[in-house]
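What follows is a short report on a single structure.
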Amino acid sequence: MSAATVSGTVERKNQIGPSASLRMTANQQNAPITCYNSSLRAFWEKICRKLFGRQQKLWLPRKMPGLGKGYFTNAEGFVKEADRGEHREKMMRLRLHSMVAVLAALLLLPALAGSQQAPAAPAQQKPAAAPKEGQQQSVPQGKNLKVEPVMSGPYPVMSQAALQRGRQLFEMFSHVQTGELWAALSAHLRDASDKQAARSKKGSGKEVFAEINKKLRDEMGPETEMIEENMVPYLFAPDTIYSRLSTFGKTRAPVITTIIFNQRGEIDDFPPPRPMHTIAEGRYAGYEDTAKLNLPFQGEWLVYQGGRNAFESVYSTADDQRYAMDFVFLKDGKLFSGPGVMTGKVEDYYCFGQPILAPADGTVVKAIGTFDDNPPAKPAGDPPDGNVIVISHGNGEASVFNHLKQHSLKVKLDDKVKQGDVIAECGNSGAGPIPHVHYRFQRSAGVPLPAQFVNYIADGKPVESGEVKRGQMVKNGPAATAAAPSTPAPSTAAPAKTPAPAKTPAPASK
């Protein structure tokens, strides 16, 4: 794809410019390998010594599995890799999608086989035709590994049945039901685990898996409380991501566990659980906006990233993206038609081309709309923000929209907009992994602010004023809808509702 130029694009100087953005990779729906303190390092080294001895080397992937071969490293090397992850987090653009290893040994072998990374389509090949419901089609995930998207089954994406299956798989892990959990792994994970175990000469993949699971349970203790849970669709295949925040008997910090499974209920990926640490939110944690924002879309959308902690949002640890949100549009609980990323068609994603609305009155102070829209999971070398609109609402507050569809901008520099005006269309320009609405509320100087939306509905319940959270289905309330200009609402079958998550204490202002 040729890089689009920005010739002819105007931008107001000394106004809001794009902030220094995190570099995005295709596995962005989960946090990168960072958040690693000294006690966890000691814990990891202890596990390694118990299982394999101090000098024994382990297989750990240099990259996310599926993008290339792993390399041999010892516990010290893994700790160094975790330290480098802190620097990578600042260099990567984490926009959707998505883990630190507190318990990395748990699924060491399956994790090597399963990949969160989106597969790259073979060069100079036409995208394969989407299979019909019930059929399967292989998605390349590295040289020798193929994952088959499951197009139907007893656990439809984002359904109540999928929620129950996610809970069931977690209980298998929590109660050390290794036989049942091994049987629940998809075939490609079991095969890859067996091959890795054979190379280590430690027995079968199932035997090593059972040993690791038992030792980790002894170190962690049982789950003592489920604090919160949510589920979202996987970005690149018709899978469900079940996430759970829990406390365990022998861990100090709450632990985030994420399980990705297909519509047959088989585990396609089980990233290592990670601790959720307390995050200092900064001076604007208690900020109350004056703009009285509406949600920037019509119809009901899913909050894919949103919230104030690492369980709810990957942006919570990023100084320039804190409080940012990602919204996606679903049909029947799915992000796209067909098998997903393997078709290479951005138009298959239901978000693509959906109208984006001004959340409040204001003046356009930045408008760029000439960058190309990228295929799913293949961000271009264009500026990470892609096509951008920035609206100044006065009082030092502004709204920022990134990754807009090429040539879809309905406004230009200095235009006055009213709340609910259509300003652009949802796209996939810049570093976006898939089409989605990336929204950030900020000070004019670019400092992120928490956004309180007014008169909206979250998971079927009216909210007078509040902040959205990952996993919620949200839409504007009747008053906001009535006040908005007449634009066609997106047509959709009613998406499967996510359950209202367990309540968590409101984050304290720092």
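Quick notes
- Given in Å, the Rg to one decimal and the Dmax to the nearest whole number for the Cα atoms of segment 167-310 are 18.9, 64.
- Once the chain from E211 to V447 is taken as fully extended at 0.36 nm per residue, the excess over their C-alpha distance is 80.2 nm.
- Overall, segment 201-266 carries a charge dipole of about 360 debye about its Cα centre when +1 sits on the Cβ of Lys and Arg and -1 on the Cβ of Asp and Glu, all other atoms neutral.
- Paired Rg and Dmax values of segment 305-351, which use every Cα atom, in angstrom: 13.9, 37
- Global geometry of segment 288-377, whether rounded, prolate or oblate, following the gyration tensor of its Cα atoms and the 1.5 cut on a/c: prolate
- Accessible area in the full protein assembly, largest first, 1.4 Å probe, for H393, H436, H277: H277, H393, H436
- All Cα pairs of segment 349-492, percent lying beyond 19 Å: 54
- Calculated on the Cα set of segment 281-322, radius of gyration then Dmax: 12.3, 34 Å.
- Gained length - A479 relative to H407, 0.36 nm times residue gap less alpha-carbon distance: 22.8 nm
- Taking trypsin sites (Lys or Arg not before Pro) across segment 156-240, the ones in a DSSP loop with at most 14 further Cβ atoms lying within 10 angstrom of their Cβ are K201.
- Per-peptide packing, taken as the mean over residues of other Cβ atoms within 10 Å, places 419-425, 335-341 in the sequence 335-341, 419-425 from highest down.
- Within-14-Å neighbourhood charge of P462 [Cβ basis; K, R +1; D, E -1]: -1
- List D372, D239, D319, D194, ordered by accessible area with a 1.4 Å probe, largest first: D319, D194, D372, D239
- Dipole size of segment 360-406 about its Cα centre, with +1 on Lys/Arg Cβ and -1 on Asp/Glu Cβ: approximately 60 debye, rounded to the nearest 20.
- In segment 273-371, Cα pairs under 8 Å separated by at least six residues give a relative contact order of 26 percent.
- Accessible surface of R244 - all protein chains present, 1.4 Å probe, nearest 10 Å²: 20
- Equivalent ellipsoid semi-axes - Cα gyration tensor, segment 353-404, angstrom: 24, 12, 8
- Charge tally in the Cβ shell below 13 Å around A479, where Lys, Arg are +1 and Asp, Glu are -1, A479 excluded: +1
- Length added when fully stretched, D414-A198, from 0.36 nm per residue minus Cα-Cα: 71.2 nm
- If R0 is taken as 41 Å, the Cβ-Cβ distance between D459 and R283 corresponds to a FRET efficiency of 0.85.
- Segment 155-220: translational diffusion in µm²/s, Stokes-Einstein, Kirkwood Rh over Cα pairs, 25 °C, 0.890 mPa s: 190
- Three-way shape call for segment 227-303 based on the alpha-carbon gyration tensor, with the a/c threshold at 1.5: oblate
The values are calculated or read from the model by the stated rules, or taken from the named source; none is laboratory data. Every value quoted in this text rests on a predicted model; they were computed, and no experiment measured them. So basically every Cβ, Gly included, is an ideal-geometry build from the backbone, and we count neighbours across all protein chains shown. Heavy atoms of the whole protein, side chains included, go into the accessibility calculation; ligands, DNA and RNA do not. Shrake-Rupley method; radii C 1.70, N 1.55, O 1.52, S 1.80 Å.
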